[in-house]
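The values are calculated or read from the model by the stated rules, or taken from the named source; none is laboratory data. Just so we're clear, the structure is a prediction, and the values are computed from it rather than from any experiment. Heads up, the Cβs are rebuilt from the backbone with ideal geometry, glycines too, and the neighbour counts pull from every protein chain shown. Just so you know, the surface numbers come from the protein's heavy atoms only, side chains and all, with ligands and any DNA or RNA stripped out. Shrake-Rupley method; radii C 1.70, N 1.55, O 1.52, S 1.80 Å.
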Amino acid sequence: MPSSLPLQTETIKILYAGGTFGSYGRPLAPLAADAFLPIVQQLLTQSDSVVSLQPLSWLDNDLIKDSSQLTPSDFIHFYSLLLAAYQQGYRRFLLITGTDTLSYLGAFLAEAFAGSDFSLVLTGSMRPLLNSDALHSYEIDPNSDAWDNFSESLKLAGAGESGVKISFSGESWPAQTVQKIHSHDFMAFTGHSRAAYPANSYIKALSDARRQHWIDDQYAVLDKLKTRATTASVQVLYCVPNNTQVLNEQLRSLLSQPACGIILMGFGAGNVPYSPELANALQKAYEQGHMVVCASQSPFGGVSDSYAAGSWQYDYHVIAGGRLTIPAIYARLLWLHLRFDTPARRRSRWANNVSQAEITIKKR
């Protein structure tokens, strides 16, 4: 692998990946980069705001799609593009994508670049930048949130703080804390600042030697990541007031598949209806290499083991998701299954991440 080039300390590399931000027409669909980027570039040239003072360039990307269609292989595609630019000496990035999976992609990239001094801001919009009522000319929609989100994100990216953040509607948060809470309001996302791993793993500034060592480690396994992403999956089992046999059958149907991540969506603080059959299925899932993580259906608060209705599952190797959001749990499970080749190493890495998180919370 060639050595990294000198850091391009000021330049922001912008990656356009589609989504509502760049959608146009009836029905709305993301414009191709060669049609959309010149329009944005012209707007930047005309802007007299601070964003025009920042050196900017576009990162070539041929994967433009609605974010609801993204797959693990697509996540690795964006990771590869960003990693290559980071290796070339760029450090500040802005990624424009769709809101459906924005929090999932952000959390995944936060896991993937942990331990580096990489700086990335993700954003999108709830309304397209261009007005689809004017189908014969490209006009800016004056009621869109797109330009404001873009401008604020550029300012945040320009600050160059290490880590992966999501910027939306005038606010920003560490990527792993963010979740979408509204399907069409401009204030569609929320998050918090009490972020532990991977946010606490980022380095303010790496030496050239340490950065190159980190990059070399990533490239050493990149081909394996691409291969594994073609078959990787994270399954979700959702608790509703059914007979426990239903949940048991759903879990057992996964046992014949290759080891994967499984999110068990419990009630409240992670309560899951007990049955001996379900307990046995969870034990078998563990023995076959599956990682089952319990999460809460509640949008805030996470899970705990204080209720007997939920604590029983942890005797069968279920992992408590803590305060992690669903996108963050998905992202961590996916990254662990792509990056590490055995169930033992994946579980060890998860446990190490939790230990770092507990240390961070105690310090605060």
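For segment 87-100, filtering for residues that are closer than 27 Å to GLN179 by Cα and either within 18 Å of the chain's Cα centre (by Cα) or surrounded by fewer than 22 Cβ atoms within 10 Å (Cβ to Cβ) (or both) leaves 9.
Output yes when any residue across segment 79-88 is under 29 Å from ALA232 (Cβ atoms), at pLDDT below 95 and not polar (S, T, N, Q), and no when none is. No, every residue in segment 79-88 fails to be under 29 Å from ALA232 (Cβ atoms), at pLDDT below 95 and not polar (S, T, N, Q). In summary, SER306 fulfils each of the numbered conditions (1) more than 20 Å from PHE108 (Cβ to Cβ); (2) assigned to a helix (DSSP H, G or I) with the single exception of condition (2).
Yes/no per residue for (1) closer than 23 Å to ASN200 by Cα; (2) open to solvent by 10 Å² or more (accessible area, probe 1.4 Å):
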position	(1), (2)
THR123	yes, no
LEU129	no, no
TYR138	no, yes
SER144	no, yes
SER151	no, yes
ALA157	yes, no
GLY163	yes, no
SER172	yes, yes
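Residue-level analysis places ASN200 outside the set of residues that are surrounded by fewer than 20 Cβ atoms within 10 Å (Cβ to Cβ), closer than 15 Å to PHE21 by Cβ and not small (Gly, Ala, Ser). Looking across segment 100-122, just one residue is part of a loop (DSSP other than H, G, I, E, B) and of a type in the set (A, V, I, L, M), and that is ALA114.
Looking across segment 207-248 at every residue that is open to solvent by 90 Å² or more (accessible area, probe 1.4 Å) and among the hydroxyl-bearing types (Ser, Thr, Tyr), the one that is farthest from GLU277 (Cα to Cα) is identified as THR227. Please indicate, with yes or no, whether at least one residue in segment 250-261 is within 25 Å of TYR307 (Cα to Cα) and loosely packed, with under 13 Cβ neighbours inside 10 Å. Within segment 250-261, not a single residue is within 25 Å of TYR307 (Cα to Cα) and loosely packed, with under 13 Cβ neighbours inside 10 Å.
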